[in-house]
Amino acid sequence: MELSDNGQTHPQNTAPHLRGFSVIEALIVLAIVLIVGAFAIPQTTGMLRKYRTLSNARGIASELALAKMRAENGFTQTRLNCNFTTRSCQLEVCTSKGATACNTFTAEGGPVLLSQGVSFGFGSITTPAGSQTTIQNTAQILFNSRGIPVTSSGAPTGTYALYLTNQAGDRYAVTVYATGRVAVWRYTNSVWSIQ
């Protein structure tokens, strides 16, 4: 018996009130979480792959824009030199020029590395992005002192492109127009669309 504030006695509650989840309720909640996770994880992984590949394409586009500006600012030649085996690109600036072409390029800054699972390539696609006439990866993209993309002989060109693909088959391209404009593209439903 328990004494209340007004002096009356009340029977003491002998059975404690337990609050919380039963084991069955906890198992049901766990099962629901696992089912939702089973659907969400593959879609999340696919989206992360696409974003990682797009991020790599935009990183290369930024490096190309930097090479173009560096050429104009220094009134020299620059190039983005890509190694398809090591999956990397390096900005290089001309440090020794001959009569018509650069003799020596020196690396500037660190290399741009592709993410794990992303590589240079376009798979079975035959339609080029941008202003390319035939699809191909360009290992060295060269800019003259005015920031115009040129061939090794100094002729202006608008056919430079780098293609990226990931393990899921998502494809992106970075192109350089004859004006020096850099664009990022995504290949979906048999069509290249600018990003």
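Less than 5 angstrom separates the built amide H of residue 150 from those of 142, 143, 144, 157, all sequence-distant by 5 or more or on a different chain. For the stretch 106-112, the Karplus equation 6.51 cos²θ - 1.76 cosθ + 1.60, evaluated at θ = phi - 60°, returns couplings of 10, 5, 10, x, x, x, 8 Hz by residue, with Gly and Pro reported as x. The 3J(HN,Hα) values that the Karplus relation (6.51, -1.76, 1.60; θ = phi - 60°) gives for the stretch 117-124 are, in residue order, x, 10, 9, 6, x, 9, x, 8 Hz. Gly and Pro appear as x. Each Lys and Arg Cβ is given +1 and each Asp and Glu Cβ -1; about its Cα centre, the stretch 21-194 then shows a dipole of about 300 debye.
Here the extension length gained between residue 24 and residue 151 equals 38.6 nm, from 0.36 nm per residue of separation less the Cα-Cα distance. Extension gain for residue 133 to residue 83 (0.36 nm times residue separation, less C-alpha to C-alpha distance): 15.7 nm.
Projecting the Cα atoms of 134, 188, 163 onto the charge dipole of the chain, computed from C-beta unit charges around the Cα centre, puts 134 farthest toward the positive end.
Using +1 at the C-beta of Lys and Arg and -1 at the C-beta of Asp and Glu, which of 173, 34, 153 has the Cα lying farthest in the positive direction of the dipole of the chain? Farthest along the dipole direction, towards plus: 153. Here is the P(r) of the chain: all C-alpha pair distances, binned every 10 Å from 0, give 8, 28, 22, 11, 7, 6, 5, 5, 5, 3, 1, 0 in whole percents. Paramagnetic label reach from residue 45 (point 7 Å along Cα→Cβ; backbone nitrogen cut-off under 13 Å): within the stretch 106-139, no residues.
I want the local charge near residue 59. Using Cβ-Cβ distances under 13 Å, sum +1 for each Lys or Arg and -1 for each Asp or Glu among the other residues. Charge balance in the 13 Å sphere: +2. One Cα centroid belongs to the stretch 26-86, the other to the stretch 101-158; the line between them spans 19 Å. A simple count of charges around residue 145, restricted to other residues whose Cβ falls under 15 Å of its Cβ and scoring Lys, Arg +1 and Asp, Glu -1, yields +3.
Each value in this text was obtained by applying a stated rule to the coordinates, not by laboratory testing. The structure displayed is predicted, hence computed values, not measured ones. In this analysis, Cβ positions are derived from the backbone assuming ideal geometry, glycine residues included, and neighbour counts consider all displayed protein chains.
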